[in-house]
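J.: Next up is a structure, given as C-alpha cells.
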Amino acid sequence: MEYFTTTSGAARQTGQCVIVGVYENGKLSRGAEDMDVASHGAIRKLLKQGDLCDQLGSSRVLRNIEGVRAQRIVVVGLGDANELGVSQFRYALRSALDSLAGSKIKDIVNFLTLEDIEGSSAYYLARYTVETIHGKLYSFNNLKTGKTVGDIPVKKIGIAVASRSDATKAKLGATHADAISQGMKLARDLGNLPPNVCTPTYLAKTAQKLANSHGGLQTKILNEPEIRKLGMHSFLSVSNGSAEPAKLIVMQYKGGGKDKPVVLVGKGITFDSGGISLKPPPAMDEMKFDMCGAASVIAAIATVAILKLPINVNVVVPTCENLPGGTATRPGDIVESMSGQTIEILNTDAEGRLILCDALTYSRRFKPHTVIDVATLTGACVIALGHYRTAVMSPSDDLAAKITGAGIAADDRCWQMPMGPEYERLLRSNFADMANVGTREGGAITAACFLGKFTKGLNWAHLDIAGTASRSGVRKGATGRPVPVLSEFLLRHAGALP
Ligand code: BES
Ligand code: MN
Ligand code: ZN
C-alpha cells in the first residue's frame, strides 16, 4: 500500500475517490464545503433534495459534480457535529467503504481527517484512517474454492491535512498504522486458520519465518524434551491428550542495546476442547481462536521489527492442544510447575493458566522491564465485559493505567478489573499449593490471581482477550485485537510518538 498526504482543497483533489461528510442540521464537513463552493452549491442542493443522508454511517456515491476533479465523491453522514469522536469517525469511514463494495477503486483520499475530533490529532487520524481501511479490506478466502466476491483493490490511501507540520505527523501515523495493520493481518490469519492447519508446529514455523524476514528478530523453538528439562510440567500436562507435540516459542527483538526488555507472553492453545472436562458442543469450533493471545504477541513483535523501534522485546509462547484421551490429564491430577509450586487440576478446561504460569516463570530469565501476558483466558471475562473491551488485571495500578491509556489512544479499548487476596483465597486446595480453578463468580479475576502466584516481584499485567479477539455469528472470525494496544504501548515505551 502507498500513502500520501494532501493539503489541497477537496474539489481540486484528483483521483478515483474522495471521502467527505455532512452533519445533521445541514452543516458540511470542510471537504464537502470546499466542493460545494467549487460546484456553485451542488452539494447543498443535493442535500436539500434528499439525495444525501446526514445520519451517522449512511453514505452516497456521487459522480460528475462540476468543479470537482475526483472521479467519485463519497458523502458520508456524520450525525451530530458535537458528538464526532474517534469511534464515530471510524464508523463513518467504514460506511464509506461499504458504499464502495464491489467497485474497482484503486485510490481513496480521506478528507474527514480535517474535522475536529475530540482528543485526536493529525497523527492519530491518519493512523485510524489507515487501520480502518486495512481492516475493511481484510478477507480470509484462501480456503474457499471457486470465485469469491471482489475486494476493493485499493493501492493508495490519501490523507487530507491542514498544514505542512500536520503532513509530517500524518505520514508517521500512516507508517505506524501500516506496520500495525500488517501485524493485525498476521494475527487474524493465524486465528482464522483451522486447527488442523494452525497447530503448535505451524505457529512455531510462522515465528521462525518471521525471524528470517525481519532484521533484529530471532526465534528459538523448544521441543517437548527441552520443555520437560525446564520443569514445565504444568504446561506439558495440558498437552498430554494430544498427538500434536507442544512447543515453546521464544522470540527476541533487539533494538534497544542493553535496556531491559518488555516480555510479551501469549496463550497458544491451538484447539481447546476442554480436555476430560469436555466443553459442550455449541460453538466448540470457536476454540480454534484459543491461540489468539499467541498470535497477537507474535504480531506485536513483528510490528516492532517492521518499525525497527529502539527497544528490546521478547515473546514467550507456550503452545499445544487441549484434547481428551487415554493419556490426557485427569481432574484431580497434581502437577509441579516450573516455579516449584504444585497445582491440583480440578478442571482440565482451565488450561490456559496452566501453560501460562510456566511461560511467566520462564520470562524471569530476561530480567524484564515489564511482562504482559495475553490470553483468551475465561468465559467469565466475556460475561463481565462483553466483546468490546479487553480486561486488564495487574497488581500495579500504574501499569494497568498505562495499558488502558494506550488502549484509548489506539482505539483498542481495555478496562481494568481488580485483583486481591479475597479472590486469591478462592484457589486454595486441600492437596496442593493451589487449585487451578476458583468459583464461577469472578472467574476472570481468579484466573488472573492464579497467574499472579507466578509473577511475584515482576512488573506484570494480564490481558484477558476472550471477548475481544474473535467474533461469533455471521461475522465469525479473528479481530486482530489486541495488536493495536500492544503496539501503542510499545511505541510509547520507545518514545516513538510525535
Ligand atoms: N479458552 C477458554 C476461555 C474462553 C471461553 C475463551 C469462551 C473464549 C470464549 C478457557 O480455556 C476456558 O475454558 N476457561 C474456563 C475456565 C473455567 C473452567 C474455570 C471457562 O471460562 O469456562
Ligand atoms: Mn479451556
Ligand atoms: Zn482455553
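Taken together, the values in this text are just the output of simple stated rules run on the coordinates, not laboratory data. The model shown is predicted, which means the values in this text are computed figures rather than measured ones. Every residue, glycine among them, receives a Cβ derived from its backbone with ideal geometry; neighbour counts consider all protein chains shown.
J.: Which cross-chain or sequence-distant (5 or more) residues have an amide H under 5 Å from the amide H of residue 311, H modelled 1.01 Å from N in plane?
T.: It is 255, 256, by chain and number.
J.: Given q = 0.20, 0.24 Å⁻¹, what are the Debye log10 I(q)/I(0) values for the stretch 9-90, with equal point scatterers placed on the Cα positions and solvent ignored?
T.: Calculated log10 I(q)/I(0) at the listed q: -0.81, -1.13.
J.: Going by C-beta contacts inside 10 Å, put 290, 107 in order with the fewest on the left.
T.: Values: 290 27, 107 19.
Going from sparsest to densest Cβ surroundings: 107, 290.
J.: Neighbour counts of other C-beta atoms within 10 Å: give me 213, 8, 103, 337 arranged from fewest to most.
T.: Placing the least packed residue first, the sequence is 213, 8, 103, 337.
J.: Straight distance only, please: which lysines reach the Cα of residue 171 with their own Cα at less than 27 Å, same-chain residues fewer than 8 apart left out?
T.: Filter leaves 104, 106, 136, 155, 156, 185, 254, 308, 402.
J.: If R₀ is 35 angstrom, what is the calculated FRET efficiency for the pair residue 141 and residue 218, using the beta carbon separation as r and rounding to 0.05?
T.: 0.60
J.: Could you grab the relative contact order for the chain? Cα pairs under 8 Å, six or more apart, rounded to a whole percent.
T.: 13
J.: Compute the separation of the alpha-carbon centres of the stretch 115-161 and the stretch 398-474 and state it in Å as a whole number.
T.: Computed from Cα coordinates, the inter-centre distance equals 32 Å.
J.: What do you get for the angle between helix 292-307 and the principal long axis of the chain? Use alpha-carbon atoms, 0 to 90 degrees, nearest ten.
T.: The helix 292-307 is inclined about 60 degrees to the chain.
J.: Further question on the same structure: Stretch residue 14-residue 208 to full length: gain in nm at 0.36 nm per residue minus the Cα-Cα span?
T.: Roughly 65.5 nm would be gained on extension.
J.: Starting at 0 and stepping by 20 Å, how many percent of the alpha carbon pairs of the chain end up in each bin?
T.: It works out to 24, 50, 23, 4, 0, in whole percents.
J.: How large is the convex hull of the Cα atoms of the stretch 2-184 per residue, expressed in Å³ as a whole number?
T.: Working: hull volume 20.2 nm³, N = 183.
Residue-normalised Cα hull volume stands at 110 Å³.
J.: Then there's this: Cut-off is 10 Å between beta-carbons; in what order do 381, 320, 198 appear when sorted fewest neighbours first? Working shown, then result.
T.: On the way: 381 27, 320 30, 198 23.
Ranked by crowding around the Cβ, least crowded first: 198, 381, 320.
J.: At 222 nm, what value in deg cm²/dmol follows for the chain if DSSP H runs of at least 4 each add -39500 (n - 2.57) and the sum is divided by all its residues, to the nearest 500?
T.: Value at 222 nm, helices only, nearest 500: -10500 deg cm²/dmol.
J.: Percent relative contact order of the stretch 2-184, based on C-alpha pairs within less than 8 angstrom and at least six residues apart?
T.: Details: 373 pairs, mean separation 51.2, N = 183.
Over the stretch 2-184, the number comes to 28 percent.
J.: In the neighborhood of residue 407, defined by Cβ-to-Cβ distances under 12 Å, what is the net charge if each Lys or Arg adds +1 and each Asp or Glu adds -1?
T.: +2
J.: Counting DSSP beta bridges in the chain, what percent are antiparallel, to the nearest 5?
T.: Counting DSSP beta bridges with both partners in the chain, the antiparallel share is about 40 percent.
J.: Now for a different question. How far is helix 352-363 tilted off the main Cα axis of the chain, in degrees rounded to 10, range 0 to 90?
T.: Between helix and principal axis, roughly 90 degrees.
J.: If you add up the charges near residue 28, with Lys and Arg at +1 and Asp and Glu at -1, over every other residue whose beta carbon is less than 15 angstrom from its beta carbon, what do you get?
T.: -3
J.: Hey, what angle do you get for helix 86-98 against the long axis of the chain, alpha-carbon based, 0 to 90 degrees rounded to 10?
T.: 70
J.: Using alpha-carbon positions, what is the distance between the centroids of the stretch 239-312 and the stretch 27-61, in Å?
T.: First find each Cα centre; the distance between them is then 47 Å.
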